[in-house]
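Student: Questions regarding the structure given below will be posed in turn.
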Amino acid sequence: MRGNKSTDTKPEIFVRQLLRLAGYGYRLHRKDLPGKPDIAFIGRRKAVFVHGCFWHQHKGCKRASKPKSRMDYWRPKLERNQARDAANKKALEARGWSVLTVWECEIKQPATLAAKLQAFMDGKHGGGCHSAVDPNGGDPPQP
Ligand SMILES: [Zn+2]
C-alpha cells in the first residue's frame, strides 16, 4: 500500500478539536470500516474524512490544481484516490452510515467548518441525503 498519508495531519487534529469542543465523542481510524474514516461516531453511524485538497482533488479548489511538475506521474494517482474515495463513501452509505468530507482549505474558516460539523452531527446536512425513512419520533428514547 503506497501513499504517505500521515495519521495525524494538522487539519485532522483541528477537526477533532472542534468536535471535542462541541461535546461529541468519537473513535479514530476504525480499521473495520471502508476507507478507515479519520473520525467515526459508531453509535450515530457518522463518518468524517479529512481530505487534502490536492491529494483528493477538491473540486473547484485552488489547492487542487497547484502547479505540480510531473503531472503525468501524479494524475493517475490522484484519479485513483478519487475513485477510492467515492467507493468508500458508497460502501459506508450502503451500511447505513452518513459521510462528511472536510477539506483542508475549510480549516481556514473555523466558524463555517464548525457549523458544517454541527449540522452533520445533527443530521441536518442538506444535499446528498435522501433517506426516505424519517418517521416522526421514530427514534427510540434514550435510556
Ligand atoms: Zn480545497
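Student: Once you place label points 7 Å from the Cα toward the Cβ at Lys108 and Arg63, how far apart are they in nm?
Tutor: 0.8
Student: Now, a different point. Rounded, prolate or oblate: which fits region 48-112, taking a ≥ b ≥ c as square roots of the Cα gyration tensor eigenvalues, rounded meaning a/c under 1.5, else prolate when a/b beats b/c?
Tutor: Values: a/c = 3.75, a/b = 1.25, b/c = 2.99.
Judged from the Cα gyration tensor, region 48-112 comes out oblate (a/c at least 1.5, b/c at or above a/b).
Student: Same structure again: Can you tell me the order of 46-58, 93-105 when each peptide is scored by its average per-residue count of other Cβ atoms within 10 angstrom, highest first?
Tutor: Values: 46-58: 20.6, 93-105: 17.2.
Highest mean packing first, the order is 46-58, 93-105.
Student: Same structure again: I'd like the Karplus ³J(HN,Hα) series for region 42-49: coefficients 6.51, -1.76, 1.60, θ = phi - 60°, whole numbers in Hz, and an x wherever there's a Gly or Pro.
Tutor: 3J(HN,Hα) across region 42-49, in whole Hz: 4, x, 8, 6, 10, 10, 10, 10.
Student: According to the square roots a ≥ b ≥ c of the eigenvalues of the Cα gyration tensor, what is the shape class of region 10-121, taking rounded for a/c under 1.5, prolate for a/b larger than b/c otherwise, and oblate for the remainder? Numbers along the way, then the final one.
Tutor: Numbers: a/c = 2.39, a/b = 1.38, b/c = 1.73.
It is oblate, given that a/c is not under 1.5 and a/b is not larger than b/c.
Student: Continuing with this model, one more query. Applying the Karplus parametrisation 6.51 cos²θ - 1.76 cosθ + 1.60 with θ = phi - 60° to the phi angles of region 90-102, what ³J(HN,Hα) value in whole Hz is obtained for each residue in order, glycine and proline being reported as x?
Tutor: 4, 4, 5, 5, 5, 8, x, 8, 9, 10, 10, 9, 9
Where a number appears in this text, it was derived from the coordinates with a stated rule and is not lab data. Being a predicted model, the structure only gives us computed values, none of them experimental. Using ideal geometry, Cβ is built from the backbone for each residue, glycine included, and neighbour counts are taken over all protein chains shown.
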